[in-house]
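Chemist: My questions will all concern the structure given below.
The values are calculated or read from the model by the stated rules, or taken from the named source; none is laboratory data. This structure is a prediction, so every number in the text was calculated from the model and none was measured. For neighbour counting, all protein chains shown are included, and Cβ atoms are generated from backbone atoms with ideal geometry for every residue, glycine included.
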Amino acid sequence: MQTNSDNLIKWLFETDAVRVCPQNKPFWYTSGTIGPFYINTHFLYGSEEKANKLLKLIDTEKENIFSCPKKVLEETLDNYENDNIYRALIDQMTEFIRQNIDIKEVDYISGGERRDWFFSLIIAKLLQKPHITIYKDMSSVISQGDEVEEVNSISGKNVLHIADLITQASSYERAWIPAISNKGGAIKWSVVVVDRKQGGDKVLNSFNIKSYKMVGVDIELFKKALDMGMIKEEQFNMIDEYIKNPKESMATFLRENTEFLKQALNSDDKTKKRAKLMLDKNIYDLG
């Protein structure tokens, strides 16, 4: 089954889960690099405000690893009943899983701290599967209904991992895969809302994990967004150059727009720090 990508693209832009910069004003990233778009998949929860509210709840509750999954599931179920975009996305993901994976072969559905839980807990409930909540320290609990217990042994069991986003699969390598394999189980499938297309699927394949995505971040996504009136031609052109060659396109931009860097160095503390990091690392070979 193919996902209805037009709907998903529309939701990504409506909720600011994908945010494109104004013309000639790329975003400063934490790494000290710049680029024309941001991706915050968890904003598909309905809005940035709603997503931040759920993150705040998670940060408050995650200290108690046994009660946290239930609290998060209650919040996501409530939002599922009240937010049209979130409900439509969850329904689409659930149907996608049913069509592409033999549910009878899935013993558990897992999700990792924190943003995976926006999607994994509620989908596990809808598919009537026990959920493995994985924390960053690789501790984990199984929950289904009111029953919650620490994961001791899931020897020979098959796990479907649901994530908000995959880039280079570093979280999978560092925590999610070993958290399951250390208990005797195996992640056999991964379904993500957004694939950044930076090699994460190849990493998962090397672990014999079948990788699925709802949508990939590539030029085709932005072409559709342009056709749908979600972005303007000049924004698309900047993204096109960036996707072809992220480093060189932004180096060219900086050379042709010298005021941009000067303004950043005289801006707020966060922007200034990122601009200085770029200069200290000489990321764009500006001399």
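Chemist: Quick one: residue 99 ticks every box in (1) free of Cβ contacts under 8 Å to residues at least 24 places away in the same chain; (2) in a helix (DSSP H, G or I) bar one, so which box is it?
Modeler: Going through the list (1) free of Cβ contacts under 8 Å to residues at least 24 places away in the same chain; (2) in a helix (DSSP H, G or I), residue 99 breaks only (1).
Chemist: Is region 206-218 home to any residue that is assigned by TED's automatic domain parsing to the domain that holds residue 115 and free of Cβ contacts under 8 Å to residues at least 12 places away in the same chain?
Modeler: Yes: region 206-218 contains one or more residues that are assigned by TED's automatic domain parsing to the domain that holds residue 115 and free of Cβ contacts under 8 Å to residues at least 12 places away in the same chain.
Chemist: Conditions first: (1) part of a helix (DSSP H, G or I); (2) at pLDDT below 95. Residue 31 passes all but one, so which condition is the exception?
Modeler: (1)
Chemist: Of the conditions (1) more than 18 Å from the chain's Cα centre (by Cα); (2) touching a residue at least 24 places away in the same chain (Cβ under 8 Å); (3) buried (at least 16 other Cβ atoms within 10 Å of the Cβ), residue 6 fails just one. Which one is it?
Modeler: (3)
Chemist: Suppose we filter 71, 104, 125 for residues that are over 22 Å from residue 17 (Cα atoms), touching a helix residue (DSSP H, G or I) at 6+ places or on another chain (Cβ under 6 Å) and part of a helix (DSSP H, G or I); which single one remains?
Modeler: 71
Chemist: List every residue pair whose Cβ atoms lie under 7 Å apart, where the two residues are 6 or more positions apart in sequence or sit on different chains, the first residue falls within region 74-96 and is within 21 Å of residue 9 (Cα to Cα), and the second residue, located anywhere, is in a helix (DSSP H, G or I) and charged (D, E, K, R).
Modeler: If the second residue must be in a helix (DSSP H, G or I) and charged (D, E, K, R), the pairs left are 79/50; 80/87; 85/14.
Chemist: Surrounded by 14 or more Cβ atoms within 10 Å (Cβ to Cβ) and among the small types (Gly, Ala, Ser): does that describe residue 112?
Modeler: yes
Chemist: Still on this structure, please answer the following. Say we look at region 248-278 and pick out the residues that are closer than 26 Å to residue 218 by Cα and without any contact (Cβ under 8 Å) to a residue 60 or more places away in the chain; which of these is surrounded by the most Cβ atoms within 10 Å (Cβ to Cβ)?
Modeler: So, considering only residues that are closer than 26 Å to residue 218 by Cα and without any contact (Cβ under 8 Å) to a residue 60 or more places away in the chain, the one surrounded by the most Cβ atoms within 10 Å (Cβ to Cβ) is 249.
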